[in-house]
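Read through the structure below, which is laid out as structure tokens, and then see the notes.
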Amino acid sequence: MKITVLHGQMHKGSTYNITKLFLEKLTDKNTEIKEFFMPKHAPSFCVGCFKCFTEGEEKCPHADTVQPVAKAIEEADLVIIESPCYALGMSGQLKTFLDHMSYRWMPHRPHPRMFSKVGLVISTAAGTGTRKVTKALQDNLFYWGVPIIYRYGKNVSASSFESVKPEKKSQIEKDVTKISAKIVNQLGRVKPGIKTKAMFQLMRLSQKSNNWNPTDKEYWLKQGWLGRVKPW
Ligand SMILES: Cc1cc2nc3c(=O)[nH]c(=O)nc-3n(C[C@H](O)[C@H](O)[C@H](O)COP(=O)(O)O)c2cc1C
């Protein structure tokens, strides 16, 4: 099994440590884990040139840093995205990377392998905001085509993992064990549900009448998705 992790920060605080707890539960000796830390692995902001949409992702001025991460996402069975809550949202450095992945959203060129993956999104906050973060991360995975997405948000009432109260830590461990068991159960047998199928169908209709972006349209034609072929 392959797991790709996008860490929304460089430091090893509560969010990182909870992610590590998940990895401990989810891995065995056959698991291959690839981890990326933002902004180290994708440091550049999107400049809004539209080249990824209209000319292809390799034409992005930051393709050299974005594409290795995009490839690791495509190859993974489980994609984990995590971020601490900053100002009621995800970290800016993670958003910067996710902006670069907009070309993989269903209205453009979703990768066929995304439709059989499991996603897990994780966030911590001191008091409030993890719902907004995990929802935004879930939205990204959903629009990439990932059909099964687990969300875990925890108000840790702390600024470091060391200062999280023991009773909270033991609750976190219980939660992680429970969610990990569900994930293990899903891996390798994922089928898109009605929401993913409906969104794909809507995007398919939009591509049929697409006369504004030949790069996207050619991609859908090449996949066979404007005919009878489906990515699942
Ligand atoms: C710049 C910044 C903004 C923050 N904004 C929020 C917030 O909106 N809501 C909240 O409850 N906690 C907020 N916090 C606290 C962190 O979300 C919280 O301590 C979190 O557990 C930190 O995760 P980490 O240990 O992985 O860095 C903020 C912290 C920082 C540094």
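The values are calculated or read from the model by the stated rules, or taken from the named source; none is laboratory data. This structure is a prediction, so every number in the text was calculated from the model and none was measured. Cβ atoms come from the backbone with ideal geometry, glycine included; neighbour counts cover every protein chain shown. Heads up: the accessible areas ignore ligands, DNA and RNA and are worked out on the full protein's heavy atoms, side chains in. Shrake-Rupley method; radii C 1.70, N 1.55, O 1.52, S 1.80 Å.
Among beta bridges from DSSP that stay inside the chain, the antiparallel ones total about 5%.
Here's the picture: charge each Lys and Arg Cβ at +1 and each Asp and Glu Cβ at -1 in the chain, and of ALA125, THR4, VAL229 the one pushed furthest to the positive end of that dipole is VAL229. Taking the centroid of alpha carbons for each part, region 112-166 and region 76-105 are 10 Å apart.
So for region 42-99, averaging the separation of alpha carbon pairs under 8 Å that are six or more residues apart and normalising by length, what relative contact order in percent results?
Values: 31 pairs, mean separation 24.6, N = 58.
So the answer I get is 42 percent.
Positive end of the dipole of the chain (Cβ unit charges, origin at the Cα centre): among LEU98, VAL190, GLY48, the Cα lying farthest that way belongs to VAL190.
Report the convex hull volume per residue for the chain, counting only C-alpha atoms, in Å³. Can you show the working numbers first?
Details: hull volume 28.5 nm³, N = 232.
Taking the convex hull of the Cα positions in the chain, it is 123 Å³ per residue.
In a reduced charge model with +1 at each Lys and Arg Cβ and -1 at each Asp and Glu Cβ, region 2-191 shows a dipole moment near 560 debye about its Cα centre.
Taking only the Cα atoms of region 64-197, the ratio Rg/Rh comes out at 0.99, with Rh defined as the Kirkwood radius. Taking 24 Å as the limit for the C-alpha separation, the pairs LYS20/LYS191; LYS34/LYS217; LYS12/LYS132; LYS135/LYS191 exceed it in the case of LYS20/LYS191; LYS34/LYS217. The accessible area of LYS2, taken with all protein chains in place and a 1.4 Å probe, comes to roughly 80 Å². Spatial offset of region 1-49 relative to region 189-232 amounts to 29 Å, using the alpha carbon center of each.
How do MET10, MET1, MET101 stack up against each other in accessible area, from largest to smallest, with a 1.4 angstrom probe? All intermediate terms of the calculation are to be shown ahead of the outcome.
On the way: MET10 90, MET1 70, MET101 5 Å².
Accessible-area ranking of MET10, MET1, MET101, largest first: MET10, MET1, MET101.
Indicate the gyration tensor shape class of region 143-201 (rounded, prolate or oblate), computed on the Cα atoms with a ≥ b ≥ c the square roots of the eigenvalues: a/c under 1.5 is rounded; otherwise a/b larger than b/c is prolate and the rest oblate. Prolate.
Where does the chain land at 222 nm, in deg cm²/dmol rounded to the nearest 500, when only DSSP H runs of n ≥ 4 count, each adding -39500 (n - 2.57), divided by all residues? Could you put the intermediate results ahead of the total?
Details: 8 runs with 100 residues, N = 232.
Theoretical 222 nm ellipticity from helices: -13500 deg cm²/dmol.
With every protein chain left in place, what is the accessible area per residue of region 2-191 in square angstrom, probe 1.4 Å? Could the numbers behind the result be given before it?
Working: 8690 Å² over 190 residues.
Value for region 2-191: 46 Å² per residue.
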